[in-house]
1. Residues to consider are GLY134, GLY164; find the one that is buried (at least 16 other Cβ atoms within 10 Å of the Cβ) and either under 25 Å from VAL117 (Cβ atoms) or aromatic (Phe, Trp, Tyr) (or both).
2. What pairs come up if the first residue lies in the range 90-102 and is of a type in the set (D, E, K, R), the second is surrounded by fewer than 20 Cβ atoms within 10 Å (Cβ to Cβ), and their beta carbons are under 6 Å apart, counting only those six or more places apart or on different chains?
3. From the list GLU196, GLU228, pick out the single residue that is farther than 20 Å from ALA49 by Cα and free of Cβ contacts under 8 Å to residues at least 12 places away in the same chain.
4. Of all residues in the range 45-60, which are among the charged types (D, E, K, R) and either part of a strand (DSSP E or B) or surrounded by 17 or more Cβ atoms within 10 Å (Cβ to Cβ) (or both)?
5. Starting from the range 128-141, take each residue that is over 20 Å from GLY77 (Cβ atoms) and touching a residue at least 24 places away in the same chain (Cβ under 8 Å) and list its partners that are of a type outside the set (Asp, Glu) and exposed (fewer than 13 other Cβ atoms within 10 Å of the Cβ), counting only C-beta distances under 7 angstrom and pairs at least six apart or across chains.
6. For ARG131, indicate whether it is at pLDDT 95 or above and either within 26 Å of GLY103 (Cβ to Cβ) or of a type outside the set (A, V, I, L, M, F, W, C) (or both).
7. Somewhere in the range 218-235, is a residue closer than 23 Å to ARG167 by Cα, surrounded by 15 or more Cβ atoms within 10 Å (Cβ to Cβ) and more than 27 Å from the chain's Cα centre (by Cα)?
8. Which of (1) among the acidic types (Asp, Glu); (2) farther than 21 Å from VAL230 by Cα; (3) modelled with pLDDT of 95 or more does ASP150 not meet, given it meets every other one?
Amino acid sequence: MDTGFPAADSRDDFARARRRAVLARLAARLRMREGDVDVLLPFDEVVGALGHRGEQSLGLQTVELDSIVGSVDRVTGFDRQFRPTSDLTRRRFERLALAVRRGEDLPPVDLYRVGDVHFVRDGHHRVAVLRALGRDVVAARVTLVRTAVDAGSDLRISDLPLKGHERLFRERVPLPALLRERIVLSEPNDWAVLAEGVEAWGFRRMQERARLLDRHEVALEWFSEEYEPVLSMLREAGLHPGDGAQDAAVYLRFAKDRYLVLRTHRWDDSVVAQLSLLTDGKRRRD
């Protein structure tokens with residue numbers, strides 16, 4: 001919006017952005033959305049959960065503003081969309097908005113890139129002003145941060161415990177990337193339980209062979225000789241819905257029942273038949 005008076009327009013820019021932040025919080029409450037949906041992601045906590053693996057300077061790049069959802073600074077005065085959450089940022093915001101409206105170029109911002117998202121090292125107000133003025137991109141000096149687990153564009157603070165457990169699972173069960181992506185769990189503790197199960201399976205395998213296996217060998221053999229065959233047996237018995245995204249949860253569920261109820265580590269037709277009876281009984285009770 002432009003009235004032809006840049007100073008007045010820059011004040012309106014802040015007022016609109018501030019109003020949008022308030023309305024967004026109100027809408028989130030009315031829709032009963034989770035409280036961290038619009039919270040700026042904290043860089044240190046995210047990288048700590050995902051597992052820092054190194055950094056690389058990518059130089060000057062053009063970055064989409066929508067991908068900037070976090071900050072190195074825990075107290076910035078902005079929400080996840082870089083709308084001001086208090087009046088403390090007003091003076092600097094309005095000064096930068098005035099500069100942009102007058103056609104002045106802003107210096108590049110400094111960003112960390114983690115997976116699909118970016119975190120501001122320097123330039124919070126520049127990002128906020130450009131977003132408020134409807135810009136799509138910003139010039140940025142970007143540093144790539146490599147992590148053990150990637151950050152998706154929908155990452156939230158409440159996801160970090162789950163991501164942290166996923167990272168630990170990958171360290172304990174180092175599968176190749178293509179196989180690793182086929183294991184998905186939605187509960188943090190399930191990652192720990194599955195890792196314990198894989199390690200126990202590997203220990204039994206080493207006892208059978210009377211020789212040591214490293215973690216990579218255990219992970220590969222568990223996946224090909226235990227995980228995939230068991231899922232095939234469960235599908236054939238009608239115990240698996242067939243959705244690949246549920247593979248790990250289905251395997252974990254029946255592996256628990258097999259040991260807790262049947263007291264065995266064995267997988268064969270008789271065990272699957274007993275698990276089928278157990279499942280049918282649970283369904284009737286429900």
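The values are calculated or read from the model by the stated rules, or taken from the named source; none is laboratory data. Quantities reported herein were computed from a predicted structural model and do not represent experimental measurements. Backbone-built Cβ (ideal geometry, glycine too); neighbour counts: all protein chains shown.
1. Just one listed residue meets the conditions, GLY164.
2. GLU94/ARG11; ARG101/PRO6; ARG101/ASP9; ARG102/PRO6
3. Exactly one of GLU196, GLU228 is farther than 20 Å from ALA49 by Cα and free of Cβ contacts under 8 Å to residues at least 12 places away in the same chain, namely GLU228.
4. ARG53, GLU55
5. Cβ pairs passing all conditions: VAL137/THR62; ALA139/LEU60; ALA139/THR62; ARG141/GLY59; ARG141/LEU60.
6. Numbers: at pLDDT 95 or above: no; either within 26 Å of GLY103 (Cβ to Cβ) or of a type outside the set (A, V, I, L, M, F, W, C) (or both): yes.
No; evaluated as a whole, the condition is false for this residue.
7. yes
8. The one condition ASP150 does not meet is (3).
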